[in-house]
Amino acid sequence: MRGPGPTPRPSRVRARGATIAAFVALAPLLPAAAVAVGTLKVDTALPYVCALPSGQQPATVRITAAFPDRAAPGEEIRPTDVTTTVELPASADLTASLGPTVRAETRLTVDVAQNEQRAQATWSGTARSLDVPAEGPLVVTTTGDVPTLTTGTAGDLTLTAAGLAVDLAPGAADGAAATPASLSVTCVPGQDAEGRTPLATVPVGAGPGTGEPSAPPASPSAPSATPSPSSGPSSPSGRTVPARPGTAEGTGRAPEGPRAGQQAGGGGGLTVTEGDAPGAPAGRPAAPPCVTENPTPTSLSAYITGYSNVRKLNGATVIPVSCVLIEQGQPEFVVQPDGSMHLLTPSVGNLSYQGRKQTPPFKATFLTFDFAPATATMVLEQTGPLTVDSDVLLVFPDNLSETYIRARFVLRVLDVRVNGTRLDVGPDCRTEKPLTSPEPDPVKHPGDHLVLLGKGQLINGTDATGYLLTGGGPLTGEVSIPAFKGCGAGGENLDRLLTASISGPGNHIKQIQGQTCAVGVDVPTEGQCTEDRQPYVVPKPER
């Protein structure tokens, strides 16, 4: 932890700030006195028992997070800068199951309690591929945004770690895409419910104890949380899960209860907000506008969202729900020299956000130097054509589909914060050229561009599986982040610093496209478009 020190002059902070790379350089230099007060920082090590291939083994789980030190009834409580570090003991069976490298995801169940109300939240996190040690423990650190909490009543709101799932998928040492998960490790707290130390206690409303932050007492296995200035990005709005009396502790599952939007436990309305936006119409979460101007009979629109790893920063970020407008081309039957028959359909498209070809701005939080939370606001900006090439191999009754989506995007950095302190990023911090993927046909598709591949299967008389342009589905790829340019303020050039910290290959991408809306037809298919002809299906990101 950093010790106290003199507050840096504003001019110095502005000169240093510009990019995610500036986080890396500045995090150790920014003293606590320079950050706004009013938060409770938690750093707790907890005993767990995990079911490994060799049997039940003790493990240590370290959780760090930042909370507001107090809240008013009805005010959102946003945990930020959340990391989960799991130290799994050495196991020959574990090493043999995983191979030389592994990708990891964690899902931590957090019990939330206030007065007589109970609820559960799931804190999900991801990590980039890491080496599996030949000897010694396997240490996995994941990061990610987590649900917000809201309560309408006064009283201490207590959060306690419960069940934990760790998904481990073999990866390639060179950063290639991971294969499907081969091992899921289930862990439970090493203490019973009454013996577990809370992660944090946030006073809500007027009453005793609300003037000072409340934190768990110190113990050998769970260091006490201490007030420390910190803040971070807001977690995205989501589905409202009400408090549920009698929630089973440590199971990782919430029992049956009221539907989203209802209150439980009286009028207090303790809720966990995750997934869809509160107040959205049932069945369709809130999404940015996706309107096609002057549609044609072949106009389609869809939403897309997903995750992208940032390999050098050992984490992943959510690409937010984004609108893509597509003009579908005319299909063509082609017989290849080997006699196989293919249905080829070329299409073109554009991202659309407030009249610009880009995603909505999105925040990414990473842990630099393994302890300093750093947040950036970014956009993916389309700088060239977006093409969709669909190829259906017609082999009755099993038709196989491959769809390649190619696009030219640059990554722009708009805002940078270290421990909540805003840094001036400058007006034009961006990658010097488009993001680049391995291209299977470089002669036909030259130049730097992103490549995503979707595979689908169509069996006559059954529903299609996988990805189809009109039906949506998963798209995956690998991307190299180019060097940065234009990053700096106050006359200081931070291009090389940012490039050294972030740029490089092996960043895995998984995007989920929703069902398209056929905008230009006289009567759109029911359930595919809203009344004003925007896509009805809003997908959720999947890891």
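The values are calculated or read from the model by the stated rules, or taken from the named source; none is laboratory data. All values derive from a computational prediction rather than experimental measurement. Positions of Cβ are generated from backbone atoms using ideal geometry, with glycine treated the same way; all protein chains shown enter the neighbour counts. The area values use the complete protein model at the heavy-atom level, side chains included, leaving out ligands, DNA and RNA. Shrake-Rupley method; radii C 1.70, N 1.55, O 1.52, S 1.80 Å.
Just one of (1) touching a strand residue (DSSP E or B) at 6+ places or on another chain (Cβ under 8 Å); (2) of a type in the set (A, V, I, L, M, F, W, C); (3) more than 16 Å from residue 167 (Cα to Cα) fails for residue 134. It is (1). Remark: residue 108 falls outside the filter, which requires a residue to be at pLDDT 85 or above and out of contact with any Ser or Thr (no Cβ under 7 Å at 6 or more places or on another chain).
Restricting region 123-146 to residues that are farther than 16 Å from residue 104 by Cβ and open to solvent by 10 Å² or more (accessible area, probe 1.4 Å), which is modelled with the lowest pLDDT? If you could, list the steps in order and put the result at the bottom.
Applying the first criterion (farther than 16 Å from residue 104 by Cβ) to region 123-146 yields 134-136, 145-146.
The next check asks that each one be open to solvent by 10 Å² or more (accessible area, probe 1.4 Å); those that pass are 134-136, 145.
Details: 134: 76, 135: 77, 136: 79, 145: 72.
Step by step, filter region 123-146, then rank; the result is 145.
Criterion applied to 516, 499, 476 was being touching a strand residue (DSSP E or B) at 6+ places or on another chain (Cβ under 8 Å), open to solvent by less than 10 Å² (accessible area, probe 1.4 Å) and of a type in the set (Ser, Thr, Tyr), and the one residue passing it is 516. Note on region 282-376: enclosed strands (runs of 3 or more DSSP E) holding 2 or more residues that are at pLDDT below 80 and touching a Pro at 6+ places or on another chain (Cβ under 6 Å) are 362-368. Can we say residue 332 is farther than 20 Å from residue 515 by Cα and not aliphatic (A, V, I, L, M)? Judged against the criteria, residue 332 is a match.
What are the residues in region 326-348 that are aliphatic (A, V, I, L, M) and open to solvent by less than 40 Å² (accessible area, probe 1.4 Å), if any? If you could, list the steps in order and put the result at the bottom.
At the first step, the residues of region 326-348 found to be aliphatic (A, V, I, L, M) are 326, 334-335, 341, 343-344, 348.
Matches in region 326-348: 326, 334.
So which of 467, 536 ends up being of a type in the set (Phe, Trp, Tyr), touching a strand residue (DSSP E or B) at 6+ places or on another chain (Cβ under 9 Å) and open to solvent by 30 Å² or more (accessible area, probe 1.4 Å)?
Being of a type in the set (Phe, Trp, Tyr), touching a strand residue (DSSP E or B) at 6+ places or on another chain (Cβ under 9 Å) and open to solvent by 30 Å² or more (accessible area, probe 1.4 Å) holds for just one of 467, 536, which is 536.
Of all the listed residues (527, 488, 514, 504), the sole one being in contact with a Gly (Cβ under 6 Å, 6 or more places away or on another chain) and on the phi > 0 side of the Ramachandran plot is 488. Looking only at region 506-524, how many residues end up being more than 24 Å from residue 425 (Cβ to Cβ), out of contact with any Pro (no Cβ under 9 Å at 6 or more places or on another chain) and outside any loop (DSSP other than H, G, I, E, B)? Qualifying residue count for the region: 2.
Restricting region 167-203 to residues that are open to solvent by 60 Å² or more (accessible area, probe 1.4 Å) and part of a loop (DSSP other than H, G, I, E, B) leaves a set whose member that is modelled with the highest pLDDT is 191.
Taking into account only those residues within region 71-89 that are of a type in the set (D, E, K, R) and either outside any loop (DSSP other than H, G, I, E, B) or at pLDDT 90 or above (or both), which is farthest from the chain's Cα centre (by Cα)? Don't jump to the end; show me each part of the working.
Keep residues of region 71-89 that are of a type in the set (D, E, K, R), which gives 75-76, 78, 81, 87.
In the following step, the residues that additionally are either outside any loop (DSSP other than H, G, I, E, B) or at pLDDT 90 or above (or both) were identified as 81, 87.
On the way: 81: 13, 87: 22 Å.
Per the stated criteria, the residue is 87.
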